[in-house]
Amino acid sequence: MQLMNGDDLLNAVLHAPIGMCLLDAPTLTAEVVNDKFIEVAGRPYESIFGKFYWDAFAEARPYYEAALSGVVETGEPYYADEVALMLIRHGKEELVYVTFVYSPVKDEDGSVKKVMVWVLENTRQVTERQKTEEARAAFQKERDRLKSFFMKAPAGICILDGPALIYELVNPGYQELLPGRDLLGRPLFEALPELVGTPLQQVLLDVYRTGNPYEINELLIPLAKYEGGPTDGRYFSFNYQARRDENDQIDGILAFVFEVTAMVKAQQDQLALNEELSALNEESAAVNEELMVANEQLMAAQEDLRAESYDKQRAIERLQASEQNIRNMVRQAPVGMCIVEGDPLYVVEVNDSFLELIGKTREALRTTPYWVVLAEAAAYYKPITDNVLATGLTYHANEHAIMLIRNGREEIVHVDFVYEPMKDADGKAYAIMIVAIDITEKVLARKRVERAQEQLRMAVDAAELGSYYINTTDRIFHASPRLKEFFGFNPDEEVPYEAAINQIHEDYRQAAADLVEAAITKGVRFDMEYPVVGYHDGKIRWVRGIGEVQHDADGKSYFTGVLHDITEKKQDELRKNDFIGMVSHELKTPLTSLNAIIQVANAKLQKSEDLFLAGAMSRAFQQVKRMSRMIDGFLNISRLEAGKILIEKHPFSIDQLVKEIAEEMKVTANTHVIDVETCRALEVDADHDKINSVISNLVSNAAKYSQNGSTITISCEVVGNEVRVGVRDEGMGLKPDDAKKIFQRYYRVESNKTRHISGFGIGLYLSAEIVERHGGRIWVESEAGAGSTFYFTLPVVG
Ligand code: ADP
């Protein structure tokens, strides 16, 4: 059965979505031409229909005439797949892509009667495909450029490809962090198995999954030097950024890594050093201030270094814009980038960071040769760029100090930079990529640290500290000249460790040696006071030694220590102890019997008729009690030194206490006029007995250091939120120098006037300690020859 009749068939052909043109085989005249064919041909129906085919398509004749004739002759069809054809369509030459077939139409005997030309236009698809290919190539090229840029960036950068996070790129900075480890082409968690199970693993997987960037600072990571080796605690700051392909799908991770171990360790060392310094400060008030200043500077410098490192990192973050925006990224990168080309060199590409670094405008660089714009640096660096172009060899500059005229001002800038030749296909350098980073801040910060360290060293010298260090591996002992002096050696003498240990007094030697050993092997802090016997001079000196093991950046460790001469202090302590022992022994014994006798006599005399004797005996009893208190004062001193003095606070009326003391003075020592002024009812929360001894001490001093018959005035008033008690005398007064020192232990004013007045120089010292332990202050206002007023304050109850 026939499916279609002739007309139907013709209709179908005419409206088919594929171009058709039926040619008569012997004449090649077009007998049927459909709309689609006209559309592809781009010329009117009349110019094809009924015409000789090669007249209609003269421009294609040279290429396809043979093929069409071949079909007629052989009866074999001819296929052309997506060929490019120059056609004149609508009067204009156009490059089109077509797929066409010349298919023979045969009669029953097999001879070719007609040829059907089938044609499909593919121009749009082909150009689109070409465009995507071009885009992909451009994308790849940009990706490659970015990679070459990463390879030069002065930071650890790696690219992890695909969900398996395979190291696709490892820049030298990154490889340096893991020297000798095989990374490239391997999955991250296989190359660094020690990361498996650490929080970092989850972070990386999350970045890959979510595309959210991630930043971690100062993370402690156990990393081995070589694969499978023992791990070392190292600190890193990271920045991860998802990488996307041309379809914006995540296909990798860009990682920026900075090792901050040295910085973190430096901070830890700094803390340890601070502790040591503060211990020394206690010992050495004279250098206290200097040490503090040096210390602060060191801290500030550390802080700067830290801030600088963060800045750098933050800046690098900015660099991580998506790869598709590489131009933008490069433009905003914190690392200066510039490409120069030609003779003379002109800038062909430059980013903002570079402009900022050199302090010139983009406009100036666009219109004027590079070395004219940067004339101030040309003398030194132009020969270098010439050489890079001539030899094709990269030039690296580390920490160059360059004088630049930035925005009209001369400035010294510290930079790390690279001149990287860009080569053509023949390997000839035709341009230079300059990658530069401003490290001025870093250099300055380092210089500040160096300066602070120098100051610290000077402070150590000024404090007359001996110092030493022992290399913990070879146990070689290095001692400062001052230390040798402490041990009685000549400053330039070789002093081995054993020789030094030998000079430690034998009672302390073993203990000291054991402690040093423990410090080295267990890392505990060494802090010990011991006497040394001078090697040459046999002199005994007391020293306090403080030491600790320190690790430097290369993993070496040293036991370092400082020694402080405390001979004076020790002798002082010994004298004091002897003194207190002597006093308590000498005074306490007779006083105890005196006390007993007077107590008995007093009891008996209470019933006596003789009122004078009864009164005198009870006063004697008071005096003995007072004396006991004085002796207790001495004992208090030793308790005080040992930190054992206790303040027991109870509320009481200070005015009442003042009046009682004044009364007692009038009775016991009727030598002065005692005047109590402005003392209204005032409650304080304090240790009644101890405040009693403070006021009594001030009043008895006022009497001791002034003429009999003169007036002593006691006052108490509220000043601000404090109660202020004052004791004024009309006595000999104090010189300003003495006034400053009288609150020190054992200090007594030495003069003809005071020589005959007995005393131990501890009353004011104890008073000051008591007042300060109540949170109050004590001071004196005085003028030599014009009397003194001693004041102390106590916080008001409330
Ligand atoms: P002491 O009186 O036992 O020497 P203190 O500690 O009470 O010890 O006083 C220390 C020194 O302060 C005294 O030696 C004296 O030189 C001086 N001093 C104390 N009070 C007065 C005063 N009211 N007037 C002048 N000098 C005083």
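The values are calculated or read from the model by the stated rules, or taken from the named source; none is laboratory data. Predicted model, so just to flag it, every value in this text is computed and none were measured. A quick note on method: Cβ atoms are made from the backbone with ideal geometry, for glycine too, and the neighbour counts reach across all protein chains shown.
Key figures for this structure:
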item	result
Some residue of the range 702-713 being among the hydroxyl-bearing types (S, T, Y), surrounded by fewer than 15 Cβ atoms within 10 Å (Cβ to Cβ), away from the ligand (no atom under 12 Å from the Cβ) and within 27 Å of V673 (Cβ to Cβ)	yes
Hits in the range 520-542 (condition: modelled with pLDDT of 90 or more and β-branched (V, I, T))	V532, V533
Residues of the range 396-405 satisfying the condition of being surrounded by 14 or more Cβ atoms within 10 Å (Cβ to Cβ) and farther than 18 Å from V435 by Cβ	I405
Selection count where residues are modelled with pLDDT of 80 or more and either closer than 30 Å to E573 by Cα or touching a Pro at 6+ places or on another chain (Cβ under 9 Å) (or both), scope the range 583-626	4
Yes/no for V694 being in contact with a Leu (Cβ under 6 Å, 6 or more places away or on another chain) and within 12 Å of the ligand (Cβ to nearest atom)	no
Residue ID - farthest from the chain's Cα centre (by Cα), chosen from residues in the range 373-429 that are of a type in the set (D, E) and outside any loop (DSSP other than H, G, I, E, B)	D386
Check on D687, acidic (D, E) and near the ligand (Cβ under 10 Å from one of its atoms)	no
Unmet requirement for D537, which otherwise passes all of (1) surrounded by 12 or more Cβ atoms within 10 Å (Cβ to Cβ); (2) in contact with a Gly (Cβ under 8 Å, 6 or more places away or on another chain)	(1)
Scan of the range 50-86 for residues that are under 21 Å from E31 (Cα atoms) and aliphatic (A, V, I, L, M), ordered by number	A56, A58, A60, A66, A67, L68, V71, V72
Yes/no for I501 being under 41 Å from the mean Cα position of the chain (by Cα) and surrounded by fewer than 18 Cβ atoms within 10 Å (Cβ to Cβ)	yes
Unmet criterion (only one of (1) within 25 Å of D632 (Cβ to Cβ); (2) surrounded by fewer than 18 Cβ atoms within 10 Å (Cβ to Cβ); (3) in contact with a strand residue (DSSP E or B) (Cβ under 9 Å, 6 or more places away or on another chain)) for D689	(3)
Scan of the range 714-742 for residues that are free of Cβ contacts under 8 Å to residues at least 60 places away in the same chain, surrounded by 18 or more Cβ atoms within 10 Å (Cβ to Cβ) and away from the ligand (no atom under 12 Å from the Cβ), ordered by number	I714
Residue identified as in contact (Cβ under 8 Å) with a residue 60 or more places away in the chain and aromatic (F, W, Y) among Y497, Y468, Y508	Y468
Considering residues of the range 74-96 that are β-branched (V, I, T) and at pLDDT 90 or above only, the residue farthest from V126 (Cα to Cα)	T74
Within the range 1-73, helices (runs of 4 or more DSSP H) holding 3 or more residues that are modelled with pLDDT under 85 and either over 20 Å from V112 (Cα atoms) or under 60 Å from the mean Cα position of the chain (by Cα) (or both)	6-14
Selection status of E39, in contact with a Pro (Cβ under 9 Å, 6 or more places away or on another chain) and among the charged types (D, E, K, R)	no
Tally of residues being within 12 Å of the ligand (Cβ to nearest atom), at pLDDT below 90, out of contact with any helix residue (DSSP H, G or I) (no Cβ under 7 Å at 6 or more places or on another chain) and not small (G, A, S) across the range 757-782	2
Cross-chain or 6+ apart pairs with Cβ under 7 Å, the range 746-765 first and under 15 Å from V780 (Cα atoms) and of a type outside the set (A, V, I, L, M, F, W, C), then assigned to a loop (DSSP other than H, G, I, E, B) and more than 7 Å from the ligand (Cβ to nearest atom)	Y765/F743; Y765/Q744; Y765/R745
Cβ pairs under 8 Å, 6+ apart, first in the range 590-615 and closer than 13 Å to S628 by Cα and without any contact (Cβ under 8 Å) to a residue 40 or more places away in the chain, second among the polar types (S, T, N, Q) and assigned to a helix (DSSP H, G or I)	N595/S628
Given (1) over 31 Å from the mean Cα position of the chain (by Cα); (2) at pLDDT below 90, number of the condition G156 does not satisfy	(1)
Residue under evaluation A519, criteria (1) outside any strand (DSSP E or B); (2) more than 29 Å from the chain's Cα centre (by Cα), criterion not met	(2)
Flag if P795 is over 22 Å from M630 (Cβ atoms) and within 13 Å of the ligand (Cβ to nearest atom)	no
Selection within the range 650-686 - of a type in the set (A, V, I, L, M) and in contact with a strand residue (DSSP E or B) (Cβ under 8 Å, 6 or more places away or on another chain)	I654, V658, I661, A662, M665, V673, I674, V676, A681, L682, V684, A686
Within the range 356-372, considering residues that are part of a helix (DSSP H, G or I) and touching a strand residue (DSSP E or B) at 6+ places or on another chain (Cβ under 8 Å), the one farthest from A401 (Cα to Cα)	R366
Residue in the range 163-179 that is in contact with a Pro (Cβ under 9 Å, 6 or more places away or on another chain), over 30 Å from I38 (Cα atoms), surrounded by fewer than 16 Cβ atoms within 10 Å (Cβ to Cβ) and modelled with pLDDT of 80 or more present	yes
